[in-house]
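Heads up, the thing below is written out as structure tokens.
What follows is calculated from the coordinates using simple rules that are stated; it is not laboratory data. Here the structure is a predicted model, which means the values were calculated and not measured. All Cβ positions, glycine included, derive from the backbone under ideal geometry; neighbour counts span all protein chains shown.
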Amino acid sequence: MTTTDPVPPPVDNREQAAPGKPKGWQFDSSLVLTMVLLAGVALQGPVRGALSAPVVQSWMTVFVAVMVQALPFLVLGVLLSAVIAVFVPPSFFARALPERPVLAVPVAGMAGAVLPGCECASVPVAGALVRRGVTPAAALAFLLSAPAINPIVLTATAVAFPGEPRMVLARFVASLLVACAMGWLWHRLGRSDWLRPPARPVSDGLGRGAAFWGSVRHDVMHAGGFLVVGAMAAATLKAVVPADWLGLAAGHPVVAVLALAVLAVLLSICSEADAFVAASLTQFSLTARLTFLVVGPMIDLKLFAMQTATFGREFALRFAPATFTLAVLVSSLVGAVLL
């Protein structure tokens, strides 16, 4: 008789894959979702009470307003960025802009007048220009001028200040001067290691259509996340800053200018809507309100976050304070002359 070896019992690979793992409750996405839903049902009373608080209502109003205002123009900027990156040949910019950066800066600054968007649109477009080999000084001049001197913004300013046509001229002049001055300043003092080249997903071997939508997806996910962070910060600051501070600041000319400059940074209002907010601040002088209109489109919380995401933190930490200081000084001088 032939004897055979006994057949070994089947091995549980799951236990071998995780030796020593304690048995019992294991968390997965469905369990976590169930627990969150149960907690929401059990605590719906306190949650409803917290959401109905005036501070929370103010926070949600500002957050939603910033996002609703900014998202369409962010998408517009992303689409323009993808068009520039995929369909516009690099030789176009060599022909369109002067070779000398000193001359390319004002040309790029004036080109910002044709982009119907806000600061959310200008950041990805400026990043695409840098990727295409445009000198950073010219791209930065375009970044600052486009949100402030395009036709939509100037028209909104004229509608918001119907009795002050000089406000439109003052905003155009001050914003263009700041944009060109910052471009020249960067050309003179900026260093290449301060500005991180904007990232671009690899599209070698892809058709133009696939490369275009890949670029759109990349920029929406990259810049959109930072836009949300900036909108949350702006809403938080708006909800906790006492309104009485504005009345006290308006009585002192220098303090009024600085107060509205800081307020423009904190509120992070889209440049298509900021003129109506400035017009409502009737307790402040026209010069102080001009500062609000010049500073806001160039540096605010969401714009700082988006600049950090696009060009790097080393760039934003240097560029933002310099832009803020120059915008305050130039708008004050232009306001004193024209207003």
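Couplings 3J(HN,Hα) for segment 172-177, derived from phi with the Karplus relation 6.51 cos²θ - 1.76 cosθ + 1.60 (θ = phi - 60°), are 4, 5, 5, 5, 5, 4 Hz, where x marks Gly and Pro.
Most exposed first by the Cβ proxy, i.e. fewest other Cβ within 10 Å, how do Glu164, Glu99, Glu272, Glu314 rank?
Details: Glu164 17, Glu99 8, Glu272 22, Glu314 14.
So the ranking, lowest neighbour count to highest, is Glu99, Glu314, Glu164, Glu272.
Using R0 = 45 Å, the C-beta based FRET efficiency linking Val229 and Glu99 works out to 0.70. Remark: relative contact order (segment 56-338) = 25 percent; criterion is Cα-Cα distance under 8 angstrom and separation of 6 or more residues.
Ranking Ile152, Ile269 by Cβ neighbours within 10 Å, fewest first, what do you get? Numbers along the way, then the final one.
Details: Ile152 15, Ile269 27.
Lowest count first: Ile152, Ile269.
Most exposed first by the Cβ proxy, i.e. fewest other Cβ within 10 Å, how do Phe276, Phe319 rank? Write out the running numbers ahead of the final one.
Working: Phe276 14, Phe319 25.
Exposure proxy ranking, most exposed first: Phe276, Phe319.
Evaluating 6.51 cos²θ - 1.76 cosθ + 1.60 at θ = phi - 60° for every residue in segment 183-190, the Karplus couplings come out as x, 5, 5, 5, 4, 7, 10, x Hz, glycine and proline recorded as x. Charging the Cβ of each Asp and Glu at -1 and of each Lys and Arg at +1, and nothing else, the dipole of segment 56-338 about its Cα centre rounds to 540 debye. Each residue of segment 249-266 is assigned a 3J(HN,Hα), and the resulting list reads 6, 5, x, 10, x, 5, 5, 4, 4, 5, 5, 6, 5, 5, 4, 4, 5, 6 Hz, derived from the Karplus form 6.51 cos²θ - 1.76 cosθ + 1.60 (θ = phi - 60°), x at Gly and Pro.
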